[in-house]
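Peer 1: One structure follows; several queries about it will come next.
The values are calculated or read from the model by the stated rules, or taken from the named source; none is laboratory data. Because the structure is predicted, anything quoted here is derived from the model rather than measured. Positions of Cβ are generated from backbone atoms using ideal geometry, with glycine treated the same way; all protein chains shown enter the neighbour counts. Protein only, heavy atoms only, side chains kept; ligands, DNA and RNA dropped before computing areas. Shrake-Rupley method; radii C 1.70, N 1.55, O 1.52, S 1.80 Å.
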Amino acid sequence: MTREEIFARLYSTPEIYPPPLEQHSAFLEVTSGCSYRKCRFCDFPRDNFKIFSLSDIAEKIELLRLVIDGNPKLHLLGCNPFCLHFKQLMAILEMVKSRLPCVEQVSMYARADDVLRKSDDELKALAQAGLFALHIGLESGSNAVLELHQKGETTEDIEQALKALDRCGIHYHLTAIPGLGGREFRREHAIKTASLISRHTPLSVWCIGLKVWPNTPLAQMVQEGTFEPLSWEEILRDERETIARIDTKLPCLYVDSTVLGKYTIAAMLPDQKEAVLQQIDQLLEGT
């Protein structure tokens, strides 16, 4: 069997969506789609949610053994595979440890409520079994913005989840969406997102450009005039304010690959904050 044939059997779709910081990880598909599927800005609700059986996952692990090439990092695929029950996750991690001994760190996407459904003892057990980090969709530090987009979580939920991960030795990365507040909550979104990030210790913050996907609730809101998107320049000006206000206690990599629709900015905060703010100012001068 060729490597191409192995990869074709490993993944149910031709495209996978890992976070940028996991681009050098190996990938194991355990779920497909999102268990929540109600966020108004997201186009994933059109995809069915699926949990692969443990026997399917075991077969995928055997295939992955042939192509993992000693990679110490493994990312479990799916929009939020941490929604799985504790026993399911432990079974997967135990199979990984047994059949992929080169793997030292396992990561995956999670919602805050996926974390909150697990006890501290369960989280600690998952960490001991190899879970290194979760990628959690913060999206915004504003409750008004989260409610507007039907996120199904509050900032209080998110903070409780992050505190639980801190207690239990699991690292986390946060994703945010500049411009998600629209014109109505523009400033609140920028300021409160920075405030929430500053109260915690993410390994990284990955910013995703807001796109109004066709046939989504957000597209309907734009059509009805209940959500007014910002221009790329306005989003960047707000993002500049967010970065300027972030005061992380530990080093944190900040990455946005959608600046003005075509540029990437990256900085290790706080040391490179002033340098990246100067880069943003130069981009704004050219707009």
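Peer 1: Could you please let me know if S142 is touching a residue at least 12 places away in the same chain (Cβ under 8 Å), crowded, with 16+ Cβ neighbours inside 10 Å, of a type in the set (G, A, S) and over 23 Å from E22 (Cβ atoms)?
Peer 2: Numbers: touching a residue at least 12 places away in the same chain (Cβ under 8 Å): yes; crowded, with 16+ Cβ neighbours inside 10 Å: yes; of a type in the set (G, A, S): yes; over 23 Å from E22 (Cβ atoms): yes.
Yes: the conditions hold for S142.
Peer 1: Return yes when D271 is assigned to a loop (DSSP other than H, G, I, E, B) and free of Cβ contacts under 8 Å to residues at least 40 places away in the same chain and no when it is not.
Peer 2: yes
Peer 1: Taking D114 as the residue in question, decide whether it is charged (D, E, K, R), open to solvent by less than 20 Å² (accessible area, probe 1.4 Å) and closer than 25 Å to Q160 by Cβ. Walk me through how you get there before you give the answer.
Peer 2: On the way: charged (D, E, K, R): yes; open to solvent by less than 20 Å² (accessible area, probe 1.4 Å): yes; closer than 25 Å to Q160 by Cβ: yes.
Yes.
Peer 1: Of everything in segment 145-160 that's within 21 Å of R37 (Cβ to Cβ), within 17 Å of the chain's Cα centre (by Cα) and acidic (D, E), which residue is least open to solvent (accessible area, probe 1.4 Å)?
Peer 2: The qualifying residue least open to solvent (accessible area, probe 1.4 Å) is E153.
Peer 1: Also, quick follow-up: Go through segment 234-277 and report how many residues are acidic (D, E), open to solvent by 40 Å² or more (accessible area, probe 1.4 Å) and touching a Pro at 6+ places or on another chain (Cβ under 8 Å).
Peer 2: Going through segment 234-277 one residue at a time, the tally reaches 2.
Peer 1: Here's something else I'd like to know. Please tell me if Y254 is aromatic (F, W, Y) and more than 17 Å from A194 (Cβ to Cβ).
Peer 2: No.
Peer 1: So, of the residues in segment 33-80 that are open to solvent by 50 Å² or more (accessible area, probe 1.4 Å) and among the hydrophobic types (A, V, I, L, M, F, W, C), which turns out to be nearest to A176 (Cα to Cα)?
Peer 2: Per the criteria, the residue is F44.
Peer 1: List the helices (runs of 4 or more DSSP H) that sit entirely inside segment 1-113 and contain at least 1 residues that are farther than 19 Å from L126 by Cβ and aliphatic (A, V, I, L, M).
Peer 2: 3-10, 54-65
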